[in-house]
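Here is the structure we will look at, set down as structure tokens.
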Amino acid sequence: MKLITRFSDGTLAVKLEGEIDEHSVIDIRRRADEAIEAHAFADRAIFYLGGVSFMDSTGIGFLIGRYKKLRRFGIRAYISGPDPTADKILTMSGVYTLIPKINDEEDRL
């Protein structure tokens, strides 16, 4: 699992690539939390999921956990570019009611 972060113009961009499973989530959770804490003044955070090839309930838990952390700092969270399988999982689970899906290019990364 690969996680890339960048901060620009008030936006914390978090790009994920690979499989989000119970083994990979430990490292990406820590790294994402570090990026959130380092940019606690951000206006928004966008999770780019176009490179995620597999995601189960562990991925949903990862996103909800980061949403809660961002919310404590007053930072809005968004999801961009999930593949059709991840999109279906996120829709069925109701994640989009908390973290809206937006169309945003990955030019920030």
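Data table
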quantity	calculated
Residue among Ile75, Ile26, Ile89 with the largest mean-square fluctuation in a Gaussian network model of the chain, springs linking Cα atoms under 10 Å	Ile26
Within a Gaussian network of the chain (alpha carbon springs, distance under 10 Å), most fluctuating of Ala77, Ala38, Ala86	Ala38
Viscosity 0.890 mPa s, temperature 25 °C, Stokes-Einstein D of the chain from Kirkwood C-alpha radius, µm²/s	182 µm²/s
Partners for Lys101 among aspartates and glutamates (Cα-Cα distance below 20 Å; same-chain residues under 8 apart left out)	Asp9, Glu17, Glu19, Asp43, Asp56, Asp83, Asp87
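Computed from the coordinates by the stated procedures, all read-outs in this text should not be read as laboratory data. Because the structure is predicted, anything quoted here is derived from the model rather than measured.
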